[in-house]
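The values are calculated or read from the model by the stated rules, or taken from the named source; none is laboratory data. Bear in mind the structure is a predicted one, so any value in this text is a computation, not a measurement. Here the Cβ is made from the backbone with ideal geometry for all residues, glycine too, and neighbour counts use every protein chain on show.
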Amino acid sequence: MQPYSSAFKAIRIDQGPEGHRAAYVDMTEEELMSGDVDIDVSHSAINFKDGLAITGARPVIRRYPMIPGVDLAGRVTRSKHDSFVPGDIVVATGCGLGEAHFGGFAQKARLNADWLVKLPKSLTPALAMTIGTAGLTAALCVLALERYGLSPENGPAVVTGASGGVGSFAVALLAQSGWRVTAVTGRGQEADYLRALGAQDILSRDALTIPGKLLQSQNFAAGIDTVGGQTLANLLAQTQFDGAIAACGNVGGMELPTSVAPFILRGVALLGVESVRPRIALRQQAWARLANDLDIHALEAMTEIIPFSQALDRAKTIIKGAIRGRIVIEMP
Ligand code: NDP
């Protein structure tokens, strides 16, 4: 093995006397955390959690300093693990990246082999990052609804935070599976984008943010919620008898001001979805579903590719709900 030497650029978050600070820095491979596979990162992507980490808006970082970036793709340069050899193109999502272990907002990464997946031949690293944690989470939500036994015959589906990363994939995957999808958005100007992804109905975000009755008209058989808070409470109250909502996000808050009424009077189910450490079989099923159901045009329609030099500024805007679909970062 050659000694580590090369320097690389990264976005690093430090917690010092002047508080929480994220900046571009030069680092060396000696500073990387432990792991058995070294990767030249070619692409990453901006997720909501990266915006929270960079701005410090919520405490998602579990050690400092930290390189954010919960998703990354790139080429293996060294491997101490039998499963990977230099030259392999790999992808990693979740697994504590950008929270407890240095993540993808850097030209180099050193990770544990069991966090890595070899990229399917049908996907480029950029397309894999378009999917990333957002696509995986949406697919896990769809699978959760199906495991619960729901199908398009049961009635319409609803997606909140629809023009965001997870929401865009949720709309596209549900529509592709035959659901009539209502996309809930705070950005009316994105209606054409959402219709192109497969939404049939568009509902203003405001319709779900006002506290309502414990039980409301039964509008949806199924839902994927990225918002939480009052929005999720209203969705539960509008879910029809024996329906279910898959909850994965909290852009509208961590609290859930609901009652037991939807659960005990309508048999509504609330299905929690977590994408950081899903069972490996579930993760594989979700990736297969994404590769099968989404065509390249759908993926490209929801993607903007930016250079690494813009990543810091753009990541700050995601927590304001200012990003549409997915922003993929291309490393220099
Ligand atoms: P994005 O910022 O890309 O999307 C969120 C969308 O929510 C926005 O685009 C906006 O869509 C809408 N929105 C923003 N602010 C508000 C608000 N205050 N009230 C209601 N709606 C709002 O984020 P992601 O798609 O990356 O993530 C969405 C959520 O899912 C986050 O909370 C994230 O932490 C969570 N998540 C959870 C995972 C898990 O494992 N459980 C994995 C990945 C993400 P519009 O303008 O269309 O309304």
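Observations on the model:
- When residues of the stretch 219-237 are limited to those that are free of Cβ contacts under 8 Å to residues at least 60 places away in the same chain and more than 12 Å from the ligand (Cβ to nearest atom), the one surrounded by the fewest Cβ atoms within 10 Å (Cβ to Cβ): Ala233
- Number of the condition not met by Arg58 [criteria: (1) in contact with a Leu (Cβ under 7 Å, 6 or more places away or on another chain); (2) within 16 Å of the ligand (Cβ to nearest atom); (3) closer than 24 Å to Glu304 by Cα]: (3)
- You will find that of Ser168, Ser122, the residue that is out of contact with any Cys (no Cβ under 8 Å at 6 or more places or on another chain), touching a residue at least 40 places away in the same chain (Cβ under 8 Å), in a loop (DSSP other than H, G, I, E, B) and within 18 Å of Ala291 (Cβ to Cβ) is Ser122 and no other.
- Test: residue in the stretch 68-80 that is over 24 Å from Asp26 (Cα atoms), at pLDDT 95 or above and not hydroxyl-bearing (Ser, Thr, Tyr): yes
- Val60 being in contact with an Asp or Glu (Cβ under 9 Å, 6 or more places away or on another chain), over 19 Å from Met27 (Cα atoms) and not in a strand (DSSP E or B): yes
- From the list Asp40, Asp50, Asp82, Asp36, the one residue that fits, being within 19 Å of Arg314 (Cα to Cα) and among the acidic types (Asp, Glu), is Asp50.
- Val227 being at pLDDT 95 or above and closer than 30 Å to Ala128 by Cβ: yes
- Restricting attention to the stretch 310-332 and to residues that are buried (at least 17 other Cβ atoms within 10 Å of the Cβ) and among the small types (Gly, Ala, Ser), the residue that is nearest to Val251 (Cα to Cα) turns out to be Gly321.
- Residues that are away from the ligand (no atom under 16 Å from the Cβ) and either closer than 21 Å to Pro332 by Cα or modelled with pLDDT of 95 or more (or both) within the stretch 114-144 comprise Leu119, Leu123, Thr124, Pro125, Ala126, Leu127, listed in sequence order.
- Selected residue (criterion: surrounded by the fewest Cβ atoms within 10 Å (Cβ to Cβ)) from residues of the stretch 63-107 that are in a strand (DSSP E or B) and among the hydroxyl-bearing types (Ser, Thr, Tyr): Thr77
- Residue identified as on the phi < 0 side of the Ramachandran plot, charged (D, E, K, R) and free of Cβ contacts under 8 Å to residues at least 40 places away in the same chain among Arg279, Arg283, Arg289: Arg279
- Yes/no for Val273 being β-branched (Val, Ile, Thr) and touching a helix residue (DSSP H, G or I) at 6+ places or on another chain (Cβ under 8 Å): yes
- Total residues in the stretch 30-50, condition touching a helix residue (DSSP H, G or I) at 6+ places or on another chain (Cβ under 6 Å), more than 18 Å from Met302 (Cβ to Cβ) and within 16 Å of the ligand (Cβ to nearest atom): 0
- Scanning the stretch 173-207 for residues that are within 13 Å of the ligand (Cβ to nearest atom), buried (at least 24 other Cβ atoms within 10 Å of the Cβ) and in a helix (DSSP H, G or I) returns Leu194, Leu197.
- Single residue of the stretch 295-309 satisfying the filter (under 19 Å from Ala73 (Cα atoms), within 16 Å of the ligand (Cβ to nearest atom) and in contact (Cβ under 8 Å) with a residue 60 or more places away in the chain) that is surrounded by the most Cβ atoms within 10 Å (Cβ to Cβ): Met302
- Qualifying residue in the stretch 147-155 (condition: away from the ligand (no atom under 13 Å from the Cβ), outside any strand (DSSP E or B), under 18 Å from Ala247 (Cα atoms) and among the hydroxyl-bearing types (Ser, Thr, Tyr)): yes
- Flag if Thr182 is in contact with a Pro (Cβ under 7 Å, 6 or more places away or on another chain) and of a type in the set (Ser, Thr, Tyr): yes
- For the stretch 256-271, the set of residues classified as in contact (Cβ under 8 Å) with a residue 60 or more places away in the chain and either surrounded by fewer than 14 Cβ atoms within 10 Å (Cβ to Cβ) or more than 13 Å from the ligand (Cβ to nearest atom) (or both) consists of Ala269 only.
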